[in-house]
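Everything on this sheet refers to the single structure shown next.
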Amino acid sequence: MRFTKMEGLGNDYLYVNAFEEPVTADDAPALARAMSDRHFGVGSDGLVLIAPSDKADFRMFMYNADGSRGAMCGNASRCIGKYVYEHGMTDKTELTLETDAGIRRLWLTTEGRSVTLVRVDMGAPAFGKTQELESAGRVFTVHPVDVGSRHAVIFTDEPTNTFDLQKYGAPLEYHAVFPWGVNVEFVNVLAPDRLRMRVWERGSGETLACGTGSCAILAAAAKLGLSQRKAAIELRGGTLYNEWDERTGSIFMTGPAREVFTGEWEINNR
């Protein structure tokens with residue numbers, strides 16, 4: 001089975017062209033666990049299948065490194081846009097992508113046959129009830145936000161680059177309030193148009209970037225009056241540029257994607 005490793009700001013997944021490769025959604029959880037292992041596999045934050053759709057131009061099936069299914073991934077959606085265009089699967093620079101969270105629209109910025117940036121309509125955020133939750137002996141104010149995947153947003157004055165993310169993020173991932181799991185973001189407000197975040201992702205642990213998480217923190221910050229509706233989001237792997245459109249209610253995310261390498265995997269090597 002041929003695969004391509006791609007990354008969006010260091011959030012790396014293994015992409016399989018399910019138009020051509022003999023892999024199904026039933027195979028994917030075990031494949032995700034085996035291939036994502038950074039010592040005995042290829043190494044990644046998860047596995048993404050690029051498949052046919054009867055509702056959109058393409059279909060995304062996304063699996064975390066532990067084999068659990070993800071409804072939506074912003075970085076993966078940008079990588080898919082780059083993949084299908086550069087691999088000759090489409091000539092369109094405006095695409096639709098079916099996900100478990102609904103259909104998303106992508107706009108590609110191109111130079112010749114290369115995609116330099118991808119803008120994604122991530123849909124409208126939905127807000128849960130703000131709660132005080134305990135983690136590792138501390139109490140945090142948690143703002144739940146759903147942008148196709150569930151997020152627990154926490155604003156802090158402590159610098160996120162030295163924050164003990166595993167100690168405080170991991171217990172919240174499957175807190176009793178989030179029985180199906182949640183992505184946890186710790187956020188610094190650097191300026192009205194600049195936010196910094198680190199993320200503990202459900203099923204993958206800390207990742208260098210999270211596209212849906214960047215949208216969740218912008219929505220939470222703007223709703224609380226901590227930021228403008230348009231801001232640069234600094235992640236460990238780079239910067240995304242997001243805008244929460246007041247007219248449509250959608251959050252638009254813009255950022256790069258990069259192909260790292262291609263390879264082959266023995267389909268029964270699990």
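Bear in mind that the values in this text are calculations on the coordinates, not laboratory data. Everything quoted here is computed from the prediction, not taken from an experiment. Virtual Cβ from ideal backbone geometry, glycine too; neighbours counted across all protein chains shown.
Cut-off is 10 Å between beta-carbons; in what order do Lys55, Lys230, Lys5 appear when sorted fewest neighbours first?
By the 10 Å Cβ count, ascending, the order reads Lys55, Lys230, Lys5.
If I stretch the segment between Thr110 and Trp180 completely, what's the gain in nm (0.36 nm per residue apart, minus their alpha carbon distance), one decimal?
Extending this stretch completely gives an extra 21.4 nm.
Can you give the local net charge around Arg69? Use residues other than it whose beta-carbon is closer than 15 angstrom to its beta-carbon, Lys and Arg +1, Asp and Glu -1.
-3
Out of the DSSP beta bridges found with both residues in segment 1-56, what percent are antiparallel (nearest 5)?
55
Please quote Rg/Rh for segment 188-270 to two decimal places, taking the Kirkwood radius as Rh and restricting both calculations to Cα atoms.
1.11
What number, in nm² with one decimal, is the all-direction average of the projected area of the convex hull of the alpha-carbon atoms of segment 1-121?
Spelled out: convex hull of the Cα atoms, projected over all directions, averaged, 6.9 nm².
Starting from segment 1-102, pick out the chymotrypsin sites (Phe, Trp or Tyr not before Pro) whose DSSP state is loop and whose Cβ has at most 16 other Cβ atoms within 10 Å.
For chymotrypsin sites (Phe, Trp or Tyr not before Pro) across segment 1-102 that sit outside H, G, I, E and B with at most 16 neighbouring Cβ atoms in 10 Å, the list reads Phe19, Phe40.
Provide Lys82, Lys223 in ascending order of the number of other Cβ atoms located within 10 Å of each residue's Cβ, fewest first.
Ranked by crowding around the Cβ, least crowded first: Lys223, Lys82.
Projected area of segment 126-249, taken from the Cα convex hull and averaged over every viewing direction, in nm²?
So the Cα hull casts an average projection of 6.9 nm².
Over 26 Å between Cα atoms: which of Lys5/Lys223; Lys167/Lys230; Lys82/Lys129; Lys55/Lys129; Lys82/Lys230; Lys82/Lys167 fall into that group?
Over 26 Å apart, Cα to Cα: Lys5/Lys223; Lys167/Lys230; Lys82/Lys129; Lys55/Lys129; Lys82/Lys167.
Which of Trp107, Trp244 has the fewest other C-beta atoms within 10 Å, and how do the rest follow up to the most?
Ordered from fewest to most neighbouring Cβ atoms within 10 Å, Trp107, Trp244 come out as Trp107, Trp244.
Counting Lys and Arg as +1 and Asp and Glu as -1, what is the net charge of the other residues whose Cβ lies under 12 Å from the Cβ of Phe178?
0
Seen from all sides and averaged, what is the projected area of the convex hull of the Cα atoms in the chain, in nm²?
Approximately 13.9 nm², given one-decimal rounding.
Once each part is reduced to its C-alpha centroid, what is the distance from segment 208-270 to segment 127-156 in angstrom?
Measuring centre to centre over Cα atoms gives 18 Å.
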